[in-house]
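The values are calculated or read from the model by the stated rules, or taken from the named source; none is laboratory data. Everything numeric in this text was worked out from a predicted model, so none of it was measured. Cβ placement follows ideal geometry from the backbone for every residue including glycine, while neighbour counts extend to all protein chains displayed.
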Amino acid sequence: MGTETAVIIQKIPLSQTGARDRLIWLGSKNGSYSVKSGYHFLKNMQDNSQGQSSNEMQLQERWTCCWQFKIPQAAKVFMWRVCLEALPTRVNLHKRKILKSPMCPICLSEEETVEHALWSCKSAMDVWSQGPIAIHKSSDRAEKFKDIFEKLGAKCEQQAMEFFTITARNIWHRRNRLIFEGFLKINWNAAICEENGIIGLGLIARDQGGHVVGTKKITQAGFNDPLLAEAIGAYQAGAYQAVKMAMEMGNVCVLFEGDSSQVVKGIYSQVERWDRVGMIITDIRLQLTFFTSWKFLFIRRSGNTLAHNLAKSSLNEESVVTALLLESSHVNSDV
Ligand SMILES: [Zn+2]
């Protein structure tokens with residue numbers, strides 16, 4: 001199995017109820033294979049590759065040489081994400097309607113593309129000017145960082161390119177430390193509608209200034225079991241997009257706050273439990289391993305009103321998933 005495949009596999013979300021794995025066919029809506037859907041899938045693939053110039057395809061292959069580098073795996077994955085333009089830069093978060101401004105948070109004078117953050121921003125240039133002459137003499141500007149990587153790759157030794165990759169990653173980490181160091185707090189709460197057999201979950205994310213940066217309501221089928229509902233709520237808090245964003249955006253500790261002391265205790269307990277809740281708690285623990293720093297905290301119901309209201313109101317809507325994430329949105333959050 002190639003590294004690229006492994007990375008994709010790692011991204012597949014795990015079941016929160018411990019459901020068995022099963023093979024599905026993405027070419028059809030219901031997940032099962034038919035000859036007709038197979039034909040369309042192949043035809044699409046062919047059409048897409050014909051639309052691509054051979055030159056483009058050659059270039060695409062060139063940057064993948066980074067998988068051969070003798071550097072830590074995380075640095076290779078970093079370069080892979082960079083070349084696919086998949087870093088959460090201001091421009092990318094702006095495109096996804098998560099941030100209002102695409103401007104570079106360091107120099108404030110240009111839009112923060114991947115290329116800008118890692119190469120042409122003054123702060124990045126200062127770093128590159130200390131490096132090997134072949135790299136800092138290259139004052140090339142390109143739209144994509146991938147193009148710079150490939151141009152340098154054509155004239156530099158592998159060792160220099162390994163250095164280049166590590167340095168780019170350090171520049172990104174330094175940028176993250178500069179722009180955000182603090183914590184993000186997610187409150188969760190669950191409500192149950194016994195009649196309809198559904199549970200409603202409310203999530204609310206606040207930055208360390210107490211400003212609400214996002215909310216989410218989820219409705220899903222569930223048992224009339226408050227503890228189970230709370231555990232699912234805690235799991236959803238960990239899976240919340242706002243948490244992932246925050247982790248990507250900077251050096252952030254995530255605090256999870258809920259009014260179920262049993263769930264909070266369960267997270268820290270060393271004893272493995274085999275009931276329905278135990279399975280979800282195991283899933284939550286697994287999820288937490290992706291965070292550099294986290295804490296689960298118990299809060300009284302009276303301090304968790306906003307999450308509680310969100311959970312209750314989601315029971316009145318049909319399979320709701322509403323999410324909002326705004327930069328420095330000063331929503332009244334005195335509850
Ligand atoms: Zn800049």
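Residue by residue, here is whether (1) crowded, with 19+ Cβ neighbours inside 10 Å; (2) modelled with pLDDT of 95 or more; (3) closer than 22 Å to Gly182 by Cα holds:
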position	(1), (2), (3)
Met245	yes, no, yes
Val252	yes, no, yes
Gly258	yes, yes, yes
Gln262	no, no, no
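Starting from residues that are surrounded by fewer than 17 Cβ atoms within 10 Å (Cβ to Cβ) and either near the ligand (Cβ under 8 Å from one of its atoms) or not in a helix (DSSP H, G or I) (or both), keep the ones in the stretch 111-130 and report whichever is modelled with the lowest pLDDT.
Gln130
Looking at this structure, is Ala160 within 16 Å of the ligand (Cβ to nearest atom) and part of a helix (DSSP H, G or I)? First the steps, then the outcome.
Details: within 16 Å of the ligand (Cβ to nearest atom): no; part of a helix (DSSP H, G or I): yes.
No.
Quick test of your reading of the structure: Pro105 fulfils all but one of (1) surrounded by 15 or more Cβ atoms within 10 Å (Cβ to Cβ); (2) part of a helix (DSSP H, G or I). Name the failing condition by number.
Here Pro105 clears every test but (2).
Can you tell me how many residues within the stretch 90-110 are at pLDDT below 90 and either near the ligand (Cβ under 8 Å from one of its atoms) or not β-branched (Val, Ile, Thr) (or both)? Let's see the steps before the verdict.
Filtering the stretch 90-110 for residues at pLDDT below 90 gives 90, 92-101, 105-108.
With either near the ligand (Cβ under 8 Å from one of its atoms) or not β-branched (Val, Ile, Thr) (or both) added as a condition, the list becomes 90, 92-97, 99-101, 105-108.
Number satisfying all stated conditions: 14.
Which one is surrounded by the most Cβ atoms within 10 Å (Cβ to Cβ) among residues in the stretch 178-209 that are closer than 25 Å to Leu108 by Cα and among the small types (Gly, Ala, Ser)?
Just the residues of the stretch 178-209 that are closer than 25 Å to Leu108 by Cα, to begin with: 178-184, 206-209.
Then keep just the ones that are among the small types (Gly, Ala, Ser); that gives 182, 209.
Numbers: Gly182: 12, Gly209: 10.
In this case the residue turns out to be Gly182.
Could you list, in sequence order, the residues of the stretch 164-174 that are among the charged types (D, E, K, R) and either within 20 Å of Val243 (Cβ to Cβ) or surrounded by fewer than 20 Cβ atoms within 10 Å (Cβ to Cβ) (or both)?
Of the stretch 164-174, the ones among the charged types (D, E, K, R) are 169, 174.
Passing the criteria: only Arg174.
Please find, among Phe69, Phe78, the residue that is away from the ligand (no atom under 16 Å from the Cβ) and either over 19 Å from Asn176 (Cβ atoms) or outside the structural domain of Phe164 (by TED's automatic domain parsing) (or both). Let's see the steps before the verdict.
On the way: Phe78 fails: either over 19 Å from Asn176 (Cβ atoms) or outside the structural domain of Phe164 (by TED's automatic domain parsing) (or both).
Answer to the check: Phe69.
Could you tell me whether any residue of the stretch 176-194 is more than 30 Å from Thr305 (Cα to Cα) and not aliphatic (A, V, I, L, M)?
Looking only at the stretch 176-194, we keep the residues that are more than 30 Å from Thr305 (Cα to Cα), and these are 176-179.
Next, only the ones that are not aliphatic (A, V, I, L, M) stay: 176-177.
Yes: the stretch 176-194 contains one or more residues that are more than 30 Å from Thr305 (Cα to Cα) and not aliphatic (A, V, I, L, M).
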